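> Have a look at the structure that comes next, please.
Bear in mind these aren't lab numbers, they're just calculated from the coordinates by the rules spelled out. Not measured: the values here are computed from a predicted model. Please note: Cβ atoms are built from the backbone with ideal geometry, for glycine as well, and neighbour counts cover all protein chains shown.
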Amino acid sequence: MNPTDKKSDIPARVEQEHAHLRRALEELRASASSVAEGEDFAQWRLELMWQVRDFKNDLLKHFDLEEEGGFMRDVRRQVPNSDPQVNDLLEEHREMELAMDRVLATLKAMRERDDQELTRLQQEIDEFISTALEHETTEQHLLQRSYYRDYGGPE
Ligand SMILES: [Fe+2]
Ligand SMILES: [Fe+2]
């Protein structure tokens, strides 16, 4: 595909943010899996809390871009029968926001290192990451079909 053939900068922005989010998800996974011991635990917990908060804010802004910036409107218009898929994506946005709130609540409640709670937290973060990656992959496919469908490709 030739980037000069794009009808607008919406797909470029969405793709750019997807690349940024994929990196941020890997950073989140790395931080959550390298738990500090002893006296360093409090600092680790605080830093992870801030990382999750910053990530959540970026994620919500990304959802705003997709929901209000024209991406979902264009997909509904340009990809036949995409309404149910777009509705599912919107639903997942709300679910991912709630999942981040749960992670924050778990961290906030963990005043001391608790290995059982940590395992649960890491599972929750892993599940969130899988959901988010799948979600973004679905959007990438819709993006290809919506904006680049005249230029060939697997779909
Ligand atoms: Fe999305
Ligand atoms: Fe997205």
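> Among the residues of region 65-88, is any away from ligand 2 (no atom under 13 Å from the Cβ), out of contact with any Leu (no Cβ under 8 Å at 6 or more places or on another chain), on the phi > 0 side of the Ramachandran plot and not small (Gly, Ala, Ser)?
Yes.
Table: residues versus (1) within 14 Å of ligand 2 (Cβ to nearest atom); (2) charged (D, E, K, R).
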site: 24; (1), (2): yes, no
site: 33; (1), (2): no, no
site: 36; (1), (2): no, no
site: 39; (1), (2): no, yes
site: 42; (1), (2): no, no
site: 106; (1), (2): no, no
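> How about region 66-155: which helices (runs of 4 or more DSSP H) wholly inside it have at least 3 residues that are free of Cβ contacts under 8 Å to residues at least 40 places away in the same chain, farther than 18 Å from residue 30 by Cα and aliphatic (A, V, I, L, M)? I'd like the intermediate steps shown before the answer.
Values: elements: 71-78, 83-109, 115-147.
Of the helices (runs of 4 or more DSSP H) lying wholly inside region 66-155, those with at least 3 residues that are free of Cβ contacts under 8 Å to residues at least 40 places away in the same chain, farther than 18 Å from residue 30 by Cα and aliphatic (A, V, I, L, M) span 83-109.
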